[in-house]
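Here's the structure we're looking at; comments come further down.
The numbers here are math on the coordinates, done by the rules we state, and not lab data. The model shown is predicted, which means the values in this text are computed figures rather than measured ones. In this analysis, Cβ positions are derived from the backbone assuming ideal geometry, glycine residues included, and neighbour counts consider all displayed protein chains.
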């Protein structure tokens, strides 16, 4: 018999708001503070603020990290599958030209949304003070 899942513990830095797992926030593309508001206002455009808790999401800086991971991971998967397909079935070149671009485009967009959300959630978890209303508006340099 499984016990009921325990709710997220209270967030000591933000009273009244439960701690949200960065992975859970990323998978749902939700606000890293409350886990309820939308992170994106467009396909890959981060919303200015969370509509639920008011977190200033525009202060994120995911940089090129998500794109690098997408290039490495998706590139390895697609090249591996293309080589496997070529060795196994030896299809004509036009089939490769028709098959791989939609897979690459769809995979890249899906992975970019997820990885960008994950990096923003991890940044919030480890540098939450940068998101506070009184924080400096400029980029954070260590």
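Points to keep in mind about this one:
- Estimated distance in nm for a label pair at residue 89 and residue 44, the labels positioned 7 Å out from Cα along Cα-to-Cβ: 2.9 nm
- Full extension of the segment from residue 61 to residue 79, taken as 0.36 nm per residue of separation minus the current Cα-Cα distance, would add 3.5 nm.
- Per-residue extension of 0.36 nm, minus the Cα-Cα distance of residue 97 and residue 23, leaves a gain of 23.2 nm for this segment.
- Highest average packing first - 26-37, 84-95, Cβ atoms within 10 Å: 26-37, 84-95
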